[in-house]
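Report on the structure given below.
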Amino acid sequence: MASRSDGVNEPPFFRGNPLPWQRVYHIHLRKTGGTSINRAFLRMSGMDPGQLYELLVRRGRFEAKGIRYTAWRKALIEGGQYDYAYSHRPLHSLRLPPDTYTFTILRDPVQRVVSHYRMLLEMQAQTPRHPGFHTESCLLRRGFDGFIQRAPDEVLMGQFFIFSPLLDAREAVDRLASCSRVLFLEEMDRGLKELEADLGVSIPYAHERKANVDFTPSEKQAARLRQRLAPEYEMIDGIKSVLVEKSTQEPTYRQVISGKLGSGLGYTVRSAQANRRWRLPCLSLRWFLQRLRTRLGRIAGS
């Protein structure tokens, strides 16, 4: 993709921004508030976001107000000829071009699964039914208890699977740590401010697509679900530990670009998306040693 540093036809979230990103890619996790953030970026086009969404469904890409959008299609996403793109594709299945700003939104695993179940109940009541409903309709046959028992790991732990096909916490945390920004739905106000600061733009965010189905699991069901989701909670705890460590020691992107990168002990982390090396302080040695002790304990007890 040609550089837009001359300011010609530059999209609003790069205009006057000294950072090296040429495009933005949203790793969209299901039921984490991603649709709302996508529509906020679509709204920057000046078009109705619902209308633009339908155009992307049919065409895979569209340009409006000088902003090039792409959604879902692997070849187009890997091609890099866009300013903003998103999909549900696992990160390990994509080869993103260099200089891509990547972000994702995580959510409490139990709350995410309950929201997913409500979505399926709503789809079941719709006429005509959503085209994607048939792939998961069988999971509703025995209620929520059956859903917890029958749903595969890649559905129940969808956040985990996107970053590790083997559901390995270390691998998932490493991939999450390579993202330009990781947001949490429970702290969305803070995350939006960080995203806006990174991209130098005001994001017209509004929460959308709340299910119109009233369902709350019992305490017993929630406990069973949390037990099933224990590996994903391990991933969430791991990335939070890394982010806390980085927030106190990592220089900002703007400091990196302006040459104000501090010296000191650390090691090199390779970014899978940006294909560059950053000098960062040791991310979380304590967390790594804790994970190692846990694994050795499991091996000894087996």
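Identify the residue in segment 51-79 that is hydroxyl-bearing (Ser, Thr, Tyr) and not in a helix (DSSP H, G or I) and, among all such residues, is farthest from Leu91 (Cα to Cα).
Residues of segment 51-79 that are hydroxyl-bearing (Ser, Thr, Tyr), as a first pass: 53, 69-70.
Now narrow it down to the ones that are not in a helix (DSSP H, G or I): 69-70.
Details: Tyr69: 19, Thr70: 16 Å.
Of everything passing the filter in segment 51-79, Tyr69 is farthest from Leu91 (Cα to Cα).
What are the residues in segment 217-267 that are over 25 Å from the mean Cα position of the chain (by Cα), among the hydroxyl-bearing types (Ser, Thr, Tyr) and either modelled with pLDDT of 65 or more or under 23 Å from Leu183 (Cα atoms) (or both), if any?
Matches in segment 217-267: Ser218 only.
Filter segment 199-218 down to residues that are touching a Ser or Thr at 6+ places or on another chain (Cβ under 9 Å) and buried (at least 16 other Cβ atoms within 10 Å of the Cβ) and give me whichever is nearest to Trp21 (Cα to Cα).
Here the answer is Tyr205.
Quick check, is Ile77 crowded, with 17+ Cβ neighbours inside 10 Å and modelled with pLDDT under 95? Give the steps one after another, and end with the answer.
Values: crowded, with 17+ Cβ neighbours inside 10 Å: yes; modelled with pLDDT under 95: no.
For Ile77, the condition - crowded, with 17+ Cβ neighbours inside 10 Å and modelled with pLDDT under 95 - is not met.
If I filter segment 96-110 for residues that are assigned to a helix (DSSP H, G or I) and either among the charged types (D, E, K, R) or farther than 22 Å from Gly34 by Cα (or both), do I get at least one hit?
The answer is no, given that none of the residues of segment 96-110 is assigned to a helix (DSSP H, G or I) and either among the charged types (D, E, K, R) or farther than 22 Å from Gly34 by Cα (or both).
Being under 27 Å from Pro97 (Cβ atoms), hydroxyl-bearing (Ser, Thr, Tyr) and either buried (at least 17 other Cβ atoms within 10 Å of the Cβ) or modelled with pLDDT of 95 or more (or both), is that true of even one residue in segment 180-198?
Yes, the conditions are met somewhere in segment 180-198.
Among the listed residues Leu106, Leu176, identify the single one that is in contact with a strand residue (DSSP E or B) (Cβ under 6 Å, 6 or more places away or on another chain), surrounded by 18 or more Cβ atoms within 10 Å (Cβ to Cβ) and more than 17 Å from Lys31 (Cα to Cα). If you could, list the steps in order and put the result at the bottom.
Numbers: Leu106 fails: more than 17 Å from Lys31 (Cα to Cα).
When all the criteria are applied, what remains is Leu176.
The values are calculated or read from the model by the stated rules, or taken from the named source; none is laboratory data. Here the structure is a predicted model, which means the values were calculated and not measured. Don't worry about glycine lacking a Cβ; one is built from the backbone with ideal geometry, like all the others, and counts go over all protein chains shown.
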